[in-house]
Amino acid sequence: MYQTKTMKLEMMECPQCGNPMPVKRRELGYHVCVKCSTVLAKRGIPVMRGTGDHTWVDLEVMTQEQFERFEEMENKTKSEITPLREEDNNLQGPFTIKETEK
Ligand SMILES: [Zn+2]
């Protein structure tokens, strides 16, 4: 006979954000949910500051959340500047060509 074991994860409210988190997690020594503990992790990214000859690299310390938003922005900016057009090679149109009038 098979015995179906349902592992039911006991949940509790995260004291930080109120979202459900497994009680097991607290037993492991974490006091907040996964989301909160990653938010708490700080990331440092080098940021170029200044203009012309007067530039220096600064280290911007941000939370994981901010860092993800920053990365998202970076990726977006990059893809706008150098769009991956390879897959569009066979495109038969219609095209939308955006031009800024001067
Ligand atoms: Zn939380």
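The values are calculated or read from the model by the stated rules, or taken from the named source; none is laboratory data. Only a predicted model underlies this, so the values are computations on that prediction, with no experimental measurement involved. FYI the Cβ positions are ideal-geometry reconstructions off the backbone, even for glycines, and counts take in every protein chain you see.
When the residues of the range 13-40 are narrowed to those that are hydroxyl-bearing (Ser, Thr, Tyr) and in a helix (DSSP H, G or I), which ends up nearest to the ligand (Cβ to nearest atom)?
Ser37
Criterion first (outside any helix (DSSP H, G or I), at pLDDT 85 or above and more than 16 Å from the ligand (Cβ to nearest atom)) does Val57 satisfy it?
yes
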